[in-house]
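The structure appears right after this line, and notes come after that.
The values are calculated or read from the model by the stated rules, or taken from the named source; none is laboratory data. Quantities reported herein were computed from a predicted structural model and do not represent experimental measurements. In this analysis, Cβ positions are derived from the backbone assuming ideal geometry, glycine residues included, and neighbour counts consider all displayed protein chains.
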Amino acid sequence: MPGRRPRLVQARKSAGSTQEELAHRLGVDRTTVGRWESGETEPQPWARRKLTALLGLSPSRLDAVLDGEPSGLAPLDDEIEALEMARRAEASDVGEGTLVRLERAVDDLAGSYATAQPAELLHRTRLHLRYVAQLMGARTTLAEHRRLLVVGAWLSLLAATLHVDLEQQAPALARLAVAGSLARECEHDELRAWCLETEAWRVLTLGEYGRAAELSRGAQRLAPAGTSALIQATAQEGRARARLGDARGTQQAVGRVQRLVSPLQAPDRPEHHYRYDPAKAISYTATTLSWVGDPAAVDVAREVITRLSAPDDHGGRPRRLAVARLDLGLALIRQDDIDEAVHLAVAAVASGRVTPSNTWRAVEVFHAAEAAGTRAATPLRDLLATYRCWSERLHREL
């Protein structure tokens, strides 16, 4: 039996433990640890297993520490220590299972966007963001840390989108800044493109159409080929050009979207906000054509409403259906069909699925109907006035 075990003492101290602390973690008396270190007794097999974990030693390294070793084995000792450091570098407080569950949660939250109320979905997204923030301070491998950054970026982007929907501009900007920073840190170009596209939509809702077109083009330059971000950014440019009255630019953007979408199959989760469903293209076309004043918007919007009114396995698309009714309403007013236009706008508002960021679209239908010089707009005005956010915008724009 070897004499005193100075290397065992050093291993304990390197692990940051006193004899008392190590004994407590092992479930033995302090004197037992003292006898091990003095060389009086040997740890039992069960205690050796615990010691490897508590001292951060491999079983072979612990054996060497306990049994003593010739000085000539120092190079081997260094090699084993290097291997152990590599093993500990791969250790993690997060783990594959946690990351997989978080990545699935991102998909579930993004998949709820089309049907959930924005405030409720924002609350759920915030809870996940807080959890991810906690994990970022935990021990992870480099690969795991990058995956956490990607998860945090997607969640921040979704939260920003929901803030935009709720017309909460300052939080939206803050969340977008975080999402963009994380996306740059993990060199995720599609995420960076989505951040620009979301900012383009935010400024478009504020009437900054030229800036929206510029941001959309920036997103297209950044988005990898074939990605959903590229398609969405192209569609966003088309909407911005429609608001600018650029009929030629609008038609070009619509054509590019159709070419990008034509080879696509429906995704596994078509309701996912960040996976482009080819069926979305016709909805965006209806919006774009109605904004630019193209008569073809009427037939396209009617087709969208027919498709979205049919039951499906995903809870429908109530928000997209409400927007399609507003698109058709605006297009019908330009054809002097005021009564149906107002009826559609009333149905959209009454559904409760037009977000605060889209109130201006309902108010636009109202103003267009009122400008026609009939009393048909009265039911829509009365309904808008019952909602605070609608009422404020209505009176602000009168």
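Taken over the stretch 215-227, the criterion of being in contact with a helix residue (DSSP H, G or I) (Cβ under 8 Å, 6 or more places away or on another chain) and under 14 Å from LEU196 (Cα atoms) is satisfied by LEU215, SER216, ARG217, GLY218, ALA219, GLN220, LEU222, ALA223, PRO224. Remark: pairs (first residue in the stretch 24-37, under 17 Å from LYS13 (Cβ atoms) and assigned by TED's automatic domain parsing to the domain that holds LEU62; second residue among the acidic types (Asp, Glu) and surrounded by fewer than 17 Cβ atoms within 10 Å (Cβ to Cβ); Cβ separation under 9 Å; 6+ apart in sequence or on different chains) = ARG30/GLU20; VAL33/GLU20; GLY34/GLU40; TRP36/GLU42. With respect to the stated conditions, ARG25 fails to be modelled with pLDDT under 75 and among the basic types (Lys, Arg). Among the residues making up the stretch 1-23, those that are of a type in the set (A, V, I, L, M, F, W, C), part of a helix (DSSP H, G or I) and either without any contact (Cβ under 8 Å) to a residue 40 or more places away in the chain or over 12 Å from LEU55 (Cβ atoms) (or both) are VAL9, LEU22, ALA23. Within the stretch 1-17, the set of residues being more than 46 Å from the chain's Cα centre (by Cα) and exposed (fewer than 14 other Cβ atoms within 10 Å of the Cβ) comprises MET1, PRO2, GLY3, ARG4, PRO6, GLN10. Scanning the stretch 117-174 for residues that are of a type in the set (D, E, K, R), in a helix (DSSP H, G or I), farther than 25 Å from ARG317 by Cα and touching a residue at least 12 places away in the same chain (Cβ under 8 Å) yields GLU144, ARG146, ARG147. Checked against the criteria, HIS145 counts as at pLDDT 90 or above, surrounded by fewer than 20 Cβ atoms within 10 Å (Cβ to Cβ) and more than 11 Å from the chain's Cα centre (by Cα). Only a single criterion out of (1) closer than 25 Å to LEU330 by Cα; (2) crowded, with 19+ Cβ neighbours inside 10 Å; (3) not aromatic (Phe, Trp, Tyr) is not satisfied by ASP246, namely (2). Answer yes if at least one residue in the stretch 170-178 is modelled with pLDDT of 95 or more and in contact with a Cys (Cβ under 8 Å, 6 or more places away or on another chain), and no otherwise. Looking through the stretch 170-178, at least one residue is modelled with pLDDT of 95 or more and in contact with a Cys (Cβ under 8 Å, 6 or more places away or on another chain). With respect to the conditions (1) crowded, with 19+ Cβ neighbours inside 10 Å; (2) within 20 Å of THR115 (Cα to Cα), ALA347 lacks only one, and its number is (1). The lone criterion from (1) out of contact with any Pro (no Cβ under 9 Å at 6 or more places or on another chain); (2) without any contact (Cβ under 8 Å) to a residue 60 or more places away in the chain left unmet by THR205 is number (2). Looking only at residues in the stretch 273-324 that are in a loop (DSSP other than H, G, I, E, B) and of a type in the set (Ser, Thr, Tyr), the one that is modelled with the highest pLDDT is TYR274.
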